[in-house]
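Engineer: Before we start, here is the structure in question, set down as structure tokens.
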Amino acid sequence: MQNNNNDLLHTEKIIADRKTFYIDLKKNARGKVVKITEDVGGNRDTIMVPADILADFIAALTDIQETSDNDSDNS
């Protein structure tokens, strides 16, 4: 059995209240992928984002952040 940790290129951890987010850059046979895992009390949900669309994913998150920031200014 292959050790998947050998394919881990970079990892980040964000703690927010009772949630922990793990953001991992991994490499597999099809290329690089970003794995985003949310852990809430041992319950985990994960999404995988192909690294080749990471710029689009970040741009969408940036747009959402700007909308959220602007909405906060109007409250």
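Engineer: Testing residue 14 on (1) surrounded by fewer than 10 Cβ atoms within 10 Å (Cβ to Cβ); (2) part of a strand (DSSP E or B), one condition comes back false. Which one is that?
Structural biologist: That leaves (1) as the condition not met.
Engineer: Across the range 24-65, what is the total count of residues that are small (Gly, Ala, Ser) and either at negative phi or within 11 Å of the chain's Cα centre (by Cα) (or both)?
Structural biologist: 5
Engineer: When the range 18-75 is examined, which residues are found to be among the basic types (Lys, Arg) and within 27 Å of residue 7 (Cα to Cα)?
Structural biologist: 19, 26, 27, 30, 32, 35, 44 - these are the residues of the range 18-75 that are among the basic types (Lys, Arg) and within 27 Å of residue 7 (Cα to Cα).
Read-outs throughout are calculated quantities, based only on the coordinates presented, and are distinct from any laboratory measurement. Please read all numbers here as calculations on a predicted model, not as lab measurements. Methodologically, a virtual Cβ is constructed for each residue, glycine included, from the backbone with ideal geometry; neighbour enumeration extends over all protein chains shown.
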